[in-house]
Structures are given as C-alpha cells and as structure tokens.
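Student: My structure is below; once you've seen it, I'll send some questions.
The values are calculated or read from the model by the stated rules, or taken from the named source; none is laboratory data. Since we're looking at a predicted model, the values are computed, not measured. Because the Cβ atoms are built from the backbone with ideal geometry, glycine has one as well, and the counts that use them run over all protein chains shown.
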C-alpha cells in the first residue's frame, strides 16, 4: 500500500477510536436529539402547569374575557373569584390560585385590569391577559364609534406587501430566506470545522514532534506524503463525524415529522428551495477552506517543540478565520457591501465570504471561478511552503517557538543539490 | 559499500561537517565517534537525506539513498521517542508498514524480537507505561524489524543499564552475522572497541582519525604500561620516554612514547624495589580519542 494511504488511515483510524472523537460525537447526537424533540420535551414538563388566575370582576366583563382567553388557546384557567382581595391573596398563599386579576370598568365603559401575583417575573400570563383586555377594549371602543365587527376585522387585516427582484436569476424572497438560514448554519459549520479539525491537525503534528517519534517517521515517509496524509486523514474523520450527525439528525426529524414539518419548531430548517448548486458550492468551499487552514496549521504545528505550545502558535492563524467569520456575519445583512466583495477574493476569507455571496446574491460565475482559483492557488502555495517548513521544522527543537522559526525551517530544508 | 566523498554541511556560517571522506565496506560494523556537537547526528541525517549536504556525495551501493529505498534502511535516532498512547504492537505495525512490510510479517517479527529481549508481555502495553530503557528496546525493534541492509544507530547504548547494553550488543552482532551493514555512533569508547573493525573519530565536523581499529592503534605508536608496585611511582615522570603517569589505587598506568622506553622503565623499577605487575599493552581507544580531540581543543 502506498505510504500516503498508510499515514492517512493510521491517522483516521487512530482518531476514530479515540475517546475524544466518541465523546464529541455522542454529545452532539444528544444535543441534536434534544433540539429535534424540544417541543415534546417542553410539553411533557408543561402539561399540568396551566396558570390559575382568579378574577375579581367589579364590572361585567368576565364572560367576554373568558371567551377571549379561550379563543387565544392560552394555558390559563380563569376562575371567577367572589371575594375580597385579602381572600384572593390567601388563596394564592394556600396554592389554590397562582395569581389574580381585578377586572374593572373605567369611566369610558372600557375594561381595565390590575394583575397581582407573587412575582411579576413570569411574563406569559400577564401578557396574554393584557392582549385579551386590549382586544376587548378595541371592540368596545369600536362599537361606541359605530364600527361593526366586520369593519374592525378589515382594519386589522395586514397589508399585502411583496418584494420582487427584477434582476434575472436573482433570488426570490422565499429562496433568500431559506438561503440566509442555510448560509448562516453553514458559516457556523465551516468556521467550527476549520477551527476544530485544523487544531486537530496541528496537535497531531506537534504531538509526533514532541514525542520525538517524528524522526523515525520522516526517515521512512517523505514529509509531503506524511503531512497531506495527516491532513486528509483528519478530513476523512471530519466527514465521518458530519455523516453520522447529519444522518441521525435526519432520522430524528423523520421521527418527529408530523409535529414539525409545517409549523413546528424546526420549520426554519426547511431547505427544499435551496438549489443543488448551492449545496455543491457549500461542499467545495468547505473542503477548500479546510485544506487551506489545515495546511497552514500543519506547517505551524511542525515548528512547535512541545505540545503545550500549540495553542499559542496557532492563535494568529485562528484569528484569520475569526475575522473571516465576522465579515461573513456582517455580510449576511449587507451582502453587496464593497469590503465583503473584496474579501471574497482573499483566500483566507473566501471560503466563508464567497460562499455567503454565492448564497445570498446571484453573482456571475467568473467571480466565483476567480475566487476559487485564488483559493486553490493559495492552497498549492502553502502546500509547497508547508512541506518545506515541515521538512526542516520537524528536526528543530528550540526553547521557545515563534512564527519566525518558519524562516529557519525553510533554511534547514533547503535543497542544495 | 557506503561512501562519503568530500561531504560538507554548512548551517549558515557554522560548519557542522567538513570534508568528510569515508568508505564503509558492506557487512561490517562501523563506529562513528565524537564528543557532543562533533557532527555525528548531522552526518546520519545527511546520509538519510533528512537534510541535504552543502557539498559532496553520499552513496549506498553506488546510489543516493531516497524514500524509495527506505525499506532497506533502518534508523534509530538519537532523539528517542514513540507514540506514548499507542500500544507496542500497533506502534510497531504502523512503523513496519511504513518500511514496506505487511501486517502479518510485522506480527511474526514482533513476537520473536520481544521474546529475544525477554519482554513478550509488553505486546499489548502502551508505550508510556514502559520504563525508558524498555522503550528504547522497542524503538530498537522498530529500527530493525524490516531486516534492513543498512542499519544506522545513533547512540544506541546511551541510557541503558549494563545488562541491557549486553543484550543489545549481542543483537547488533547477530545482525552483522546475518549480513547487515551497521553504522553506529557513540561517545563510549569501549563499545566501539568491542564492536567495530573500522571507525572514524569526528571532532568539530572534521575526521581526525579514520580507518581500521588495529591499524590505528598500531600506528599510534604510543603504548601503555600497567604497573603494580609497592612504592611511589612519581619519579617515573622524569624518565625519558614517559608521556603521562596516571596513578590509581591498585595500579598505575604509564603512557610511553614507544616500546623501547618500556625497557628503561623496567630497569628503573627493578632497582627501586618489589614489582608485582608489569604489563605492556596497546593504547586504548580512549587514550587516542582524548589525545586527538584534546589536541584539537588546544
């Protein structure tokens, strides 16, 4: 078997069997399970928790309030309370009521209320009551002014407003909303993956170097094969993890299909309008972004003498991806801003920023092609440089490590023949 | 034949190895001696092509060593280390595969080597659980498991207890018998005297002595006399032909210019009193090393 694949599978299988991988995967699956089942879980805990509100009615509004509340389908049980406020307070103390409402009629013959509970930190119940009272007040006021219920409904009707993009191929609003969510989710995925798996590459290299097994390795496998074997081994690991997560996420969603599909909690994850090309772009930018950063991080990792120094060395590299992430976050609301356009061509930022532009705008293909070419060019450049630095770097053991060592490593690995 | 021709290595202004010329016959154990920073590790690294020499050529059987021939080469680096969290077996399988072996071949070899070193129970242990000396044994196995033609051992005996040094020496001699060419470095002269026919002493990147061990000793000229007598020997310092006097508790060693001087000393001693022991011996490599390297220091 080619040595490149030996390194690749060794890296992959070794990590796959590691506790860290198993734990992060299980934790993520648990999280996904919780999210997809969150409404069920909330319902389970909330079922018996209807608020009991005692109503001291000094006017004649109780029945219409009850009607209104029933219409709103809120988890509130109204109870007409025939007693004084002191008695109501006692009822709360004894746990018969959760709160009470003094319902009054003001000079204008409209309803008004005072809501009293042990604390007013709970927001839902008073809000529902307020809305109900508002509705009732509107009806009373309208009747007084001689407006019929029908007319009132008509006034309440929201205006029809539609946005239509004139540019040919521009995204429709539906598409755009879905694209925005899709891009948003993907930005996080790319950002997180590059940091997480990129770190893994750097740590992997640094561990081999600090454990001094490196010299045996580079005497049997060329640094280039070794470095890219590692980078792609970790990439395979990442893909495996995502495959597990996506597959089980899909499975959980299927199980919840009936309750979630249309109006449910996860309806925002409906990507039916996402074009296939955007998904392809997502994968392409994701892989290239990973390759670029993993190459740089492997290079940096090879300069470290002790595994503890990795974090400090990869900080500047991580900063780049963090900047890219912030540009993209900003670009979500203003995708056509000039600096978003410019940074979509800079290889360090393009994996996220160009993907954002592709997702949110309809940009000509040559722009994407140009950005991709620059990105691939940067990967090749850093690949060549990384392999050289790696070759020299793994033989260097210094007291402290810094990015200045790149120069020293390059000198050490210089081909002189 | 392993050949170094006019090999030099420059790190910026610093010269690590200068004009090194060596020819090492096949199926022999060759010793590379030198103090710290003499250029031994740099020489090995150039040979393995981990770094490139500034000048000169290095060839094994007429060809430059490259990654294509890595299955023919075994290397035990001076920087000791294995994957601490990996089991001995997995580790050796991985390293063996990288040297072009099949998994089943490695497994067979591992068992026989671990038994030879009397540590078969380490097979499923993690490396970090082993003592340093035992880790070194595992690393030695890693460097020879693929039966290399050319074996390079950088300070193979450092950090081992005397028992393990013997075990390892035996293994090295057996490998030689099996046809392996072995190049090893050390700063322990007795190991080199015991194992090598040919050697080279490096000092500050230059070969100060090079060639056949016996010839080196013969041409060195100077001899040692081991004397055990009942009286004070310090008067010998003034005898002609005596270079150095090292007085010990049980016996003293006198270094002399040539064999003739020994007879003068014998006469002088006989006149003084009772001599229990008088022995003329070859110079030790240690003497040669100290003189050559010491001279270069001056």
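Student: Give the residue, chosen from A:95, A:83, A:113, that is more than 19 Å from residue A:126 (Cβ to Cβ), assigned by TED's automatic domain parsing to the domain that holds residue A:138 and touching a strand residue (DSSP E or B) at 6+ places or on another chain (Cβ under 8 Å).
Tutor: Exactly one of A:95, A:83, A:113 is more than 19 Å from residue A:126 (Cβ to Cβ), assigned by TED's automatic domain parsing to the domain that holds residue A:138 and touching a strand residue (DSSP E or B) at 6+ places or on another chain (Cβ under 8 Å), namely A:83.
Student: On to the next question. Only one residue in A:216, A:190 is in contact with a strand residue (DSSP E or B) (Cβ under 8 Å, 6 or more places away or on another chain) and at negative phi. Which one?
Tutor: Selected residue: A:216, the only one of A:216, A:190 that is in contact with a strand residue (DSSP E or B) (Cβ under 8 Å, 6 or more places away or on another chain) and at negative phi.
Student: Please find, among B:97, B:89, the residue that is at the interface with chain A (Cβ under 9 Å from one of its Cβ atoms) and in a helix (DSSP H, G or I).
Tutor: Within the list B:97, B:89, the selection yields B:97.
Student: Can you list the strands (runs of 3 or more DSSP E) found entirely within segment B:218-298 that contain at least 3 residues being closer than 24 Å to residue B:194 by Cα?
Tutor: Correct list: B:223-229, B:252-256, B:275-281.
Student: Let me ask something else. Do you know which residues across segment B:8-41 are out of contact with any helix residue (DSSP H, G or I) (no Cβ under 9 Å at 6 or more places or on another chain), assigned to a loop (DSSP other than H, G, I, E, B) and modelled with pLDDT of 85 or more?
Tutor: Hits for segment B:8-41 are B:25, B:26, B:39.
Student: Shifting gears a bit: What is the residue count in segment A:56-93 for residues that are farther than 14 Å from residue A:132 by Cα and within 45 Å of the chain's Cα centre (by Cα)?
Tutor: 3
Student: For segment B:42-84, name all the residues that are free of Cβ contacts under 8 Å to residues at least 40 places away in the same chain, facing chain A (nearest Cβ under 8 Å) and outside any helix (DSSP H, G or I).
Tutor: B:50, B:52, B:79
Student: Given the conditions (1) within 23 Å of residue B:100 (Cβ to Cβ); (2) in contact with a helix residue (DSSP H, G or I) (Cβ under 7 Å, 6 or more places away or on another chain), report the number of the one that residue B:161 does not fulfil.
Tutor: (1)
Student: When you go through A:114, A:164 one by one, which is the residue that is free of Cβ contacts under 8 Å to residues at least 24 places away in the same chain and closer than 30 Å to residue A:278 by Cβ?
Tutor: A:164
Student: Given the residues A:55, A:77, which is the only one that is crowded, with 19+ Cβ neighbours inside 10 Å, away from every other protein chain (no Cβ under 14 Å) and part of a strand (DSSP E or B)?
Tutor: A:55
Student: Regarding segment A:20-34, can at least one residue be identified that is within 14 Å of chain B (Cβ to nearest Cβ) and under 30 Å from residue B:83 (Cβ atoms)?
Tutor: There is at least one residue in segment A:20-34 that is within 14 Å of chain B (Cβ to nearest Cβ) and under 30 Å from residue B:83 (Cβ atoms).
Student: Would you check which residues across segment A:1-37 are free of Cβ contacts under 8 Å to residues at least 12 places away in the same chain and in a helix (DSSP H, G or I) and list them?
Tutor: Those that are free of Cβ contacts under 8 Å to residues at least 12 places away in the same chain and in a helix (DSSP H, G or I): A:13, A:14, A:19, A:20, A:22, A:23, A:26, A:27, A:30, A:31, A:34.
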